[in-house]
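Accompanying notes for the structure given below.
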Amino acid sequence: MISLPSSRSLIPAPARLQRIVLTGFMGSGKTSVGTLLAAQLGWRFADLDREIEQREGRSVPLIFSQSGEPHFRQLESLVLASLLAEQRLVLALGGGTPEHSGNRLLLTHSAHTAIVYLSADYATLLHRCRLQSTAPAAVARPVLNDPAIAEQRFHLRRPLYEHIATHTVDTTALTPEAALAVILNALHTTA
Ligand code: S3P
């Protein structure tokens, strides 16, 4: 008897790959695409911000307001290093994670790791962030408090995302599901 695969069956990850890291500015879809990707592969999904919050027992906005951004960045580097030791992991970075050269080094020296940059233009990103900030599970983003500074950071970070990426996917016109299909195809094509 021939058994047909169900539409929910797991897709094998490209051989030798142990981690897929998603990078990009706030609103690029790292969490939504990462959740879908991990489910498809049967891997664990980790969101760097949520992991920091669990470890600290307080939210990212509270860490920013009580301890300052430099402290948040230290925690971010520590938690990133420990997560990169895991296997079969899809990891969504924070939008600012690649600003630190130490984080970039950790990421680019991590073996068997694909780094996917989810790009989009600034207007699209800002629009998505505004929608998310009014959603029932609202995402609070202290770095967006000053839109002019946020835009400067976007321009500063773009070449850094490009530098660390092994793959780039322009998500401007893509749903998370469509971005997932493009990523899976890219990973299997270049594996
Ligand atoms: C930040 C992005 C956030 C979070 C923190 C700082 C940034 O992550 O790490 O608020 O500097 O861009 P997301 O990109 O997941 O929103």
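Values in this text are rule-based calculations from the coordinates and carry no lab data. Every value quoted in this text rests on a predicted model; they were computed, and no experiment measured them. So basically every Cβ, Gly included, is an ideal-geometry build from the backbone, and we count neighbours across all protein chains shown.
Check every DSSP H run in the chain and write down those whose alpha carbon atoms cover 18 angstrom or more along the long axis and whose mean Kyte-Doolittle hydropathy is 0.5 or greater. Could you put the intermediate results ahead of the total?
Details: long enough: 69-83 (21 Å, 0.17); 147-164 (25 Å, -0.66); 176-190 (21 Å, 0.94).
Span-like helices here: 176-190.
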Nitroxide proxy distance, nm - points 7 Å out along Cα→Cβ at residue 156 and residue 100: 1.5 nm
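Given just the C-alpha atoms of segment 123-191, how large is their convex hull per residue in cubic angstrom?
On the way: hull volume 7.7 nm³, N = 69.
Spread over its residues, the Cα hull of segment 123-191 gives 112 Å³ apiece.
Once Rh for segment 9-96 is found with the Kirkwood sum over Cα pairs, what is the Stokes-Einstein diffusion coefficient at 25 °C and 0.890 mPa s, in µm²/s?
180 µm²/s
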Near the amide H of residue 119, under 5 Å away, which other amide H atoms are found, from residues 5 or more places off or on another chain, if H is placed in the peptide plane? 169, 170, 171
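Please list 20-32, 47-59 highest first by mean number of surrounding beta-carbon atoms within 10 Å per residue. Could you put the intermediate results ahead of the total?
Values: 20-32: 24.5, 47-59: 16.1.
Most protected by this proxy first, the peptides run 20-32, 47-59.
Nearest 500 deg cm²/dmol is fine: what mean residue ellipticity at 222 nm does the chain get from its DSSP H runs of n ≥ 4 alone, each adding -39,500 (n - 2.57), divided by its residue count?
Numbers: 8 runs with 97 residues, N = 191.
Mean residue ellipticity, 222 nm, calculated: -16000 deg cm²/dmol.
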Looking at the chain from every direction and averaging, what is the projected area of its Cα convex hull in nm²? 11.9 nm²
For segment 127-191, whose charge dipole is built from +1 on Lys and Arg Cβ atoms and -1 on Asp and Glu Cβ atoms, the candidate among 132, 188, 163 with its Cα farthest towards the positive end is 132
